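Structure, as C-alpha cells:
What follows is calculated from the coordinates using simple rules that are stated; it is not laboratory data. Quick caveat: nothing in here was measured; it's all calculated off a predicted structure.
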Amino acid sequence: MTNNERVNLYDLAPAQLQATLSEIVSPPFRVKQIAEWMHSRGVDSFDAMSNLPKELRAHLAERYTLEFPQVVERTPPASDGSQKYLFVLGDGNRIESVYMPMRDRTSVCLSSQAGCAVGCTFCVTGFFGAGRNLTPSEMLGQFFTVQREHQVPFEMMNAVFMGMGEPLLNFDHLVTTLDILYMNIAAKRITVSTSGIIPGVDALAKLERRPNLAVSINAPDRKRREEIMPITKKYPLDELIAALRRYPTEKGREITIEYVLLAGYNDSKADAVALARLIRGLSAKVNAIPFNEDPNLPRWMQRPDDEAIDAFADALVRNGAHVTVRRSKGREIAAACGQLRGKTERKRPQRRVNGAVRVEPAEIERDLMYGERR
Ligand code: SAH
Ligand code: SF4
C-alpha cells in the first residue's frame, strides 16, 4: 500500500472512527485510547500514542495516517502576539491560518478551502480564484498545530472559520470538523463566517449543535453588494436577510454581521443608517472591519481614516445596532488570510477578471466595543 491509499483517521467523524477502528483493534478500550490521543491531544503520529503496544502502533501505521498540513512559514509575532502560519498540503496547495492570543482566550483563524470561487473584489483569496475543499484532517491540522505550538489549553481556545475559502461551500467536511472540535471546545466558542450561501445557512440551522454564525454583508444595499460580492447575484441580500431572520439563534448569542469598510464606498453615515435598518430586529451585532490593503487589490479600495470609522460606528449605535470595530494589528504581519500566500504566488492566467484580491478574515485585532457594550 502506498502512502496515498492510507485513510487519514482525522477525516473520519467520531462515530465513523469508532466503527473503523473496532474492526481491527481490540479490546475496545484501545479504540477509546486512540480516539483520545487524536481528539483530545491532536497527535499526528501513531508513535506518539505511548500507552499503545508497539505492534498495534505499527499495525495502525500500515493502514492509516494521521497526517497534518506542514508549516512552511510563520510570521514573527506582531505587537499583540498574533502570528500567521503558511501551510503546505499534501498536493502542494498552500493555505493560511492565524494565531490570535487575547487576554482571556486565544483564537485560531482557519482556512476551509485552498482558494475561493466567490470572488469578492476586496479579497485576496477571491482574487487568486477557486481552490479545492479542505478535508477535515487539513482543517483540524491547522487547529491542532497552532494550539500545540503555543500550548494553549483547550478551554482557552476559540476556532473561527474566517480564513481562506467559503466554509459553507465545503459543508460536509465542515460538519465533520466541527463534530471533532466539539470534543474539546464548546460550540459557542466556534464561529463560521460565510459570504451568505443561503442553502448553507439553512443547513447550519438544522444542525443539532450549531457554531456561532458570522455573515459578510459588506454593503447596505443589493446593488453595491452585487458589485463587490459577485455570488450575491445568486443569493440576493433580501433573501439572505430572510434566512437570517428564520435562523435559530441560541439564547445569549448574536449573529455577527461583518462589514468591510471601504473609504468613500460604503462608509457614509447614510450607509450606517441603512445597515442598521436592514438588520433591525435580528439578534445581531455588526463587526465593522476596516479594509485591509494589498497590492493585488484594486487601487481605489482604501481603508477609511479613524474618524470615518468612528462616525460610521456611532451612527450604527445611534440607530440601535450593537457594534464592534476591528482595529487591525494584522497589517503589521501582512494580515488577512491569503495575503501571505499572495506575496509569492502568481495569479494563474485568466483566473478571474473582476480584479479582487484576497481577503482576510482574520485580522488580528482586538475588537473595540461601541455604545452600550463599550
Ligand atoms: N468566505 C467567508 C470567510 C472568509 S473571509 C466570508 O466571506 O465570510 C472572512 C472575512 O474577511 C469576511 O468578512 C470578508 O469580508 C473579510 N475580508 C476579506 N478581504 C478583506 C480585506 N481585504 N480587508 C478586510 N476584510 C476583508
Ligand atoms: Fe471568498 Fe470570503 Fe474572500 Fe469572498 S471574502 S472571496 S467569500 S474568502
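Taking each DSSP H run with n ≥ 4 as -39500 (n - 2.57) and averaging over every residue of the chain yields -9000 deg cm²/dmol at 222 nm. Close lysine pairs were tallied over the chain: pairs 8 or more places apart or on different chains with Cα atoms under 14 Å apart number 5.
What the phi angles of the stretch 33-41 give under the Karplus curve with 6.51, -1.76 and 1.60, with θ = phi - 60°, is a coupling list of 4, 5, 4, 5, 4, 6, 6, 9, 10 Hz, glycine and proline written as x.
Report, to one decimal in Å, the Kirkwood hydrodynamic radius for the chain based on all distinct Cα pairs.
For the chain, the Kirkwood estimate is 21.2 Å.
Sequence-ordered 3J(HN,Hα) estimates for the stretch 68-81 from the Karplus curve with 6.51, -1.76 and 1.60 and θ = phi - 60° stand at 10, x, 9, 6, 9, 7, 10, 6, x, x, 6, 4, 9, x Hz, glycine and proline given as x. The amide H of S107, built 1.01 Å from its N in the peptide plane, has M100, M102, N158 as neighbours under 5 Å, considering only residues 5 or more places off or on other chains.
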